[in-house]
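The values are calculated or read from the model by the stated rules, or taken from the named source; none is laboratory data. Remember, predicted model here, so these are calculated numbers, not experimental data. All Cβ positions, even for glycine, are placed from backbone atoms using ideal geometry, and neighbour counts span all protein chains on display. Note: areas computed on protein heavy atoms with side chains; ligands, DNA, RNA excluded. Shrake-Rupley method; radii C 1.70, N 1.55, O 1.52, S 1.80 Å.
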Amino acid sequence: MQRSKIDVWVGLFVLLGLAAVLFLSLQAANLLNLGFQPTYKISARFDNIGGLKPKAAVKSAGVVVGRVESITFDDRSFQALAVLALDSRFTFPKDSSLKILTSGLLGEQYLGLEAGADEKNLVSGDSIQSTQSAVVLENLISQFLYGKAADGPAKSPGDSK
C-alpha cells in the first residue's frame, strides 16, 4: 500500500514537470497567449514581410499592444496582407504607421506601430496605409556592391595626373 502511494505522487510530479516544460516551450516560441483582453482587428499590406510570422508581437513604444493574427498573399496586388489583433484597451489614430523591425541582430521580427496625429481612431476592420517592409540583408548587400561597381575602380593616392 505504501509503495503505490509513492508511485502516485511520483507520477503526479512527473506530469506536473511535463506540463511546465510544455508551457515554457510554447511561451518561448510565442505560440501561447494568455491575454484574455478583447481585441479589434486591423489589416496592413506589405511589399515584403521578411521573416515575420503569425503570433509575432505588435509593439508601440516597446510595449506589446497586440499580435499578428494571420499573414496571407493577395494575388491581385501581389502584396502580403497582415491581419493584426490589437488589445482594445489601446487605441491608435487612423494615420498610424507600421514597420517590420528586428529585435537584436539575429532576433525575431515584430511589427512596430507608430501613432499618428489624426483625431479619429482605428476601429475593427480598418486598414493601415503607411507601412514599411522588412529590411532584407541580401538586398542591402547587393545595393552596396552594385553601388561600388558603378563608381568604378578605386583610385590609389599615388594615381594623380
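Brief remarks on what is shown
- Of residues in segment 112-161 being assigned to a loop (DSSP other than H, G, I, E, B), among the hydroxyl-bearing types (Ser, Thr, Tyr) and modelled with pLDDT of 80 or more, the one most open to solvent (accessible area, probe 1.4 Å): 124
- Among the residues of segment 1-46, those identified as open to solvent by 60 Å² or more (accessible area, probe 1.4 Å), of a type in the set (Phe, Trp, Tyr) and modelled with pLDDT of 85 or more are 9, 13, 23.
- Residue 77 being of a type in the set (Ser, Thr, Tyr), touching a residue at least 24 places away in the same chain (Cβ under 8 Å) and exposed (fewer than 11 other Cβ atoms within 10 Å of the Cβ): yes
- In the condition set (1) assigned to a loop (DSSP other than H, G, I, E, B); (2) open to solvent by 60 Å² or more (accessible area, probe 1.4 Å), residue 49 is compliant with all but (2).
- Boolean, residue 67 is open to solvent by 50 Å² or more (accessible area, probe 1.4 Å), within 22 Å of residue 137 (Cα to Cα), at pLDDT 90 or above and in a strand (DSSP E or B): no
- Output for segment 80-111, where each listed residue is under 15 Å from the mean Cα position of the chain (by Cα), touching a residue at least 24 places away in the same chain (Cβ under 8 Å) and not in a strand (DSSP E or B): 108
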